[in-house]
Amino acid sequence: MPHRACALALATALIFTHDASATTPTTSTAAQAAVGCFVAGDGYLRARVRGAVALDLDWKDAQMQCEGGPRPSGNGVRVSIGGPARGDGRRIRMVFGIAGVGEGRGGEALRTNITILFEGEKRIFATQGDDKCTVDKLTQQRVETLGNERAVYRVVARGFCLGPATSLSREERVFLTSFDFAGRVEFGDDDRHASNTKP
């Protein structure tokens, strides 16, 4: 029961976070919604999902909403990619929590937590841990510099999952058998200072 309660709290937090950003966007988020992930237009996501939901996703930059930055724990990065709007406020969003990398760094065989949100439907699948999915390879390239010492990186990653993402009721499961994407992460001075103070 505590595990399920923890998963529910996590999913609820994610929903409120994305609802809040949708209703009161920051300047950078609003710009991203209008033009996609990057000025160059080279964001994308491809993924194969099987199980309770069968999806073959192939999203292009102009269809996507991209956000990202360091994970709250300071270990790794979080990449959030929303797909094309499906009407009535519905959108599929995938959130990748990738451990073991910092600002500007690449890596291989990285443990990854994945959440799939069906926004507008209150349906969520989550791996509830980073032991089920792996990023085979990840690279970061600095592509923009925003005001106040904020830097934007293009994160390119590919990977797979051997374990399922389960619904909150734990009655449904999906497998993300493969994924690759180019998404966006931002780092600022506060993020760098926080990471430097961690042991």
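The values are calculated or read from the model by the stated rules, or taken from the named source; none is laboratory data. In this text the structure is predicted, and so the values were computed from the model without any measurement. Cβ atoms come from the backbone with ideal geometry, glycine included; neighbour counts cover every protein chain shown. With ligands, DNA and RNA removed, areas are computed over all heavy atoms of the protein, side chains included. Shrake-Rupley method; radii C 1.70, N 1.55, O 1.52, S 1.80 Å.
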Do we find a residue being on the phi > 0 side of the Ramachandran plot and touching a residue at least 12 places away in the same chain (Cβ under 8 Å) anywhere in the range 181-194? no
For ILE116, work out the one condition from (1) closer than 18 Å to PHE181 by Cβ; (2) modelled with pLDDT under 95 it doesn't fulfil. (2)
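Results for (1) closer than 17 Å to CYS66 by Cβ; (2) charged (D, E, K, R); (3) at pLDDT 95 or above, shown as yes or no for each residue.
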{"site": "LEU138", "(1), (2), (3)": "yes, no, yes"}
{"site": "ARG154", "(1), (2), (3)": "yes, yes, yes"}
{"site": "ARG170", "(1), (2), (3)": "no, yes, no"}
{"site": "SER178", "(1), (2), (3)": "no, no, yes"}
{"site": "ARG192", "(1), (2), (3)": "no, yes, no"}
Among strands (runs of 3 or more DSSP E) entirely within the range 35-142, at least 3 residues that are open to solvent by 40 Å² or more (accessible area, probe 1.4 Å) and either within 14 Å of ARG184 (Cα to Cα) or in contact with a strand residue (DSSP E or B) (Cβ under 7 Å, 6 or more places away or on another chain) (or both) occur in 44-51, 55-60, 65-70, 107-119
Scope the range 143-158; condition open to solvent by 10 Å² or more (accessible area, probe 1.4 Å) and either of a type in the set (Val, Ile, Thr) or part of a strand (DSSP E or B) (or both); matching residues: VAL143, GLU144, THR145, LEU146, ARG150, TYR153, ARG154, VAL156, ARG158
Is one or more of the residues making up the range 76-89 among the polar types (S, T, N, Q) and under 12 Å from the mean Cα position of the chain (by Cα)? yes
For the range 84-108, which positions are within 13 Å of GLN63 (Cα to Cα), without any contact (Cβ under 8 Å) to a residue 40 or more places away in the chain and not small (Gly, Ala, Ser)? PRO84, ARG86, ARG91, ILE92
